[in-house]
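The values are calculated or read from the model by the stated rules, or taken from the named source; none is laboratory data. Being a predicted model, the structure only gives us computed values, none of them experimental. Positions of Cβ are generated from backbone atoms using ideal geometry, with glycine treated the same way; all protein chains shown enter the neighbour counts.
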Amino acid sequence: MKKVYTCFCTDIIHEGHLNIIREAQKYGSLTVGVLSDEAMVRFNRFPGVSFEERMEMVRSIDGVSEVIVQKEIMYDAVIGKLHPDYVIHGDNWKQGPMKAIRDNVEKLLSAYGGEIIDVPYTYNENVKRADMRMKEKLSMPEYRRRRLRQLLKLCPIVRTIEVHSGLTGLIAEKTIVEHNGELDQFDAMWVSSLCDSTAKGKPDIELVDMTSRFRTIDDIMEVTTKPVIFDGDTGGLTEHFVYTVRSLERMGVSAIIIEDKTGLKKNSLFGTEVEQTQDSIEHFCEKIAAGKSVQLTDEFMIIARIESLILEQGMDDALNRAHAYVKAGADGIMIHSRKKDPSEILEFCDLFRKDDAATPIVVVPSSFNSVTEAELAEHGVNIVIYANQLTRSAFPAMEQTAKDILKYHRAQEVDERLMPIKDIISLIEEL
Ligand code: SPV
Ligand code: MG
C-alpha cells in the first residue's frame, strides 16, 4: 500500500477537503496532518476552533487512516518521518505565498522519487459559505476582541503594524512574505494617534476627536480580521476614559494603550524638546482602575504607557510606575524611548521581569530600530509595534510623484513606479 499525505489548516471540513480525501484514496492510504496553531497564524488565519477540535474533526472523516500533528508550515519534519509516496493538495498552492510551501514539498519529495498530486481547488457556493463562516469567527467583535490575549499565549512576540485607513488595514491584513523558505505575516494592527492625525493633516495633540478616531477604527475593521490595539493618547479625562473603554470594547478592539501624560499631549518623539507633563502615579492609577472597573468582558486590555524615559525621569521612576500601574489593574505596560540605542529599553525589560514575569511588555522601536524581534523577545517583550513606518514610506512616495508630474507636465515618467490599477483593485474584496 502506497502512502499519501496531506495537511489541513481549516476550521471546517467542506467539499473541497472531501474531494482531496476521495482523490487520495485512489493512490493509497491517507495520513492527514493537522497544522499547529503556531504555524497557522504565521501564514494562514487565526484558528477559529481549538487544535484538539480540529484533530477530532479530521479523525472523524471516513477515508483518513491516520491523523498527525504538523508543527511547522514547511514539510521537512513530516516528510522526513513519513516518507510518503505522494503529497496531495488543492492546486491553489501553485500561486501566491503558498507556492513556497509547494516548492518545499517538491524539493523534499524529489530526493527520493515521491510525487505531488495537485487537485483542482473546489470553488462553489458551499465552499464559499464555509469560508464566510470562518471569516465571521475572525472579524466579528466578540471573536476579534479576545484575539490579542490568544496571540500573546501563542506567539513569542506579537508583531503589530500601524494602520490608519481601510487601505493600510488591507496591507496589514494581506501582506505575507516568503523569506529564507519561511512564510510570515503581521499579527495585529496599531491605530496610531500620530498616523491617524497625520493622515488628516493634523498635529498629534489629541486634536482629532474620539468620534473621528472611532470612524478610522471602523474603516479598518470593515476590511480586516486581525486584532486592533488603539493608541488612546492620555485617555483624556477619567470621566471620559470610561466611556472610551466601553465603546472600544463593544467595537471589538482588543486593547487601548494610554500614556501617563497630562495637559497638552505632544508626540513622545519630541521628548524634552517641547513642554510635556507627566501625570502623577496616583492620578494615572485612578484612571487605569476606573477603566478596568467599567469593562463588561475580561477580554479587553488596558495597557499603561510609561513616559519616564522619554521625559528623562530615570529608570527607577519608570520601574516604580510600571509596578504601580500593574497593581492598579493594567493588563500590560508599554515602555517608550527615543534613544537610538535600545539599551535603556532592554535594561528596563530585564529589571521589570525580575519582579514581574507575567505582565505583557509592549515596545515601539521607532528610534531604536536596530533591535531585532528575537532580541526583544529574549528580554521579555511580548508585543512589538511598528508605529509609523507605513505613513513614513507612503508620504515621500506620494510627494515625489506630485513633484514629477509638475516637472514633466504629464504622468508618463512616474508610471513605471506606480502600482498597476488592476493590482490595487485586486486588494479590495468584491462581495
Ligand atoms: C503613535 O504611533 O502615535 C505613538 C507612538 O504614540 S510614538 O509616535 O512613538 O509616540
Ligand atoms: Mg500616539
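Which one of the conditions (1) over 20 Å from Tyr27 (Cβ atoms); (2) of a type in the set (S, T, N, Q); (3) part of a loop (DSSP other than H, G, I, E, B) does Asn126 fail to meet, given that it meets all the rest?
It is condition (3) that Asn126 fails.
What's the number of the only condition in (1) part of a helix (DSSP H, G or I); (2) surrounded by fewer than 22 Cβ atoms within 10 Å (Cβ to Cβ); (3) away from ligand 2 (no atom under 16 Å from the Cβ) that Glu178 fails to meet?
Answer for Glu178: the failing condition is (1).
Would you mind finding the one in Leu194, Leu152 that is in the same structural domain as Lys266 (by TED's automatic domain parsing), under 16 Å from Ile257 (Cβ atoms), away from ligand 2 (no atom under 16 Å from the Cβ) and at pLDDT 95 or above?
Result of the check over Leu194, Leu152: Leu152.
Of all residues in region 228-275, which are among the aliphatic types (A, V, I, L, M), surrounded by fewer than 22 Cβ atoms within 10 Å (Cβ to Cβ) and more than 16 Å from ligand 1 (Cβ to nearest atom)?
Of everything in region 228-275, those that are among the aliphatic types (A, V, I, L, M), surrounded by fewer than 22 Cβ atoms within 10 Å (Cβ to Cβ) and more than 16 Å from ligand 1 (Cβ to nearest atom) turn out to be Leu237, Val242, Met251.
Taking only pairs six or more apart or across chains, which ones have beta-carbon atoms under 6 Å, a first residue in region 398-414 that is part of a helix (DSSP H, G or I), and a second residue that is of a type in the set (Gly, Ala, Ser) and surrounded by 10 or more Cβ atoms within 10 Å (Cβ to Cβ)?
Ile405/Ala411
Exactly one of these conditions fails for Ala330: (1) in a loop (DSSP other than H, G, I, E, B); (2) within 16 Å of ligand 1 (Cβ to nearest atom); (3) out of contact with any Phe, Trp or Tyr (no Cβ under 7 Å at 6 or more places or on another chain); (4) within 29 Å of Pro227 (Cα to Cα). Give me its number.
(2)
Just to verify a result, which residue in region 183-216, among those that are touching a helix residue (DSSP H, G or I) at 6+ places or on another chain (Cβ under 8 Å) and of a type in the set (Asp, Glu), is nearest to Asn388 (Cα to Cα)?
Here the residue is Asp196.
Which ones in region 276-288 are surrounded by fewer than 19 Cβ atoms within 10 Å (Cβ to Cβ) and within 16 Å of ligand 1 (Cβ to nearest atom)?
Answer for region 276-288, where residues must be surrounded by fewer than 19 Cβ atoms within 10 Å (Cβ to Cβ) and within 16 Å of ligand 1 (Cβ to nearest atom): just Thr277.
Which condition does Arg250 not pass, out of (1) within 12 Å of ligand 2 (Cβ to nearest atom); (2) in contact (Cβ under 8 Å) with a residue 60 or more places away in the chain, if it passes all the others?
With respect to (1) within 12 Å of ligand 2 (Cβ to nearest atom); (2) in contact (Cβ under 8 Å) with a residue 60 or more places away in the chain, Arg250 is out only on (1).
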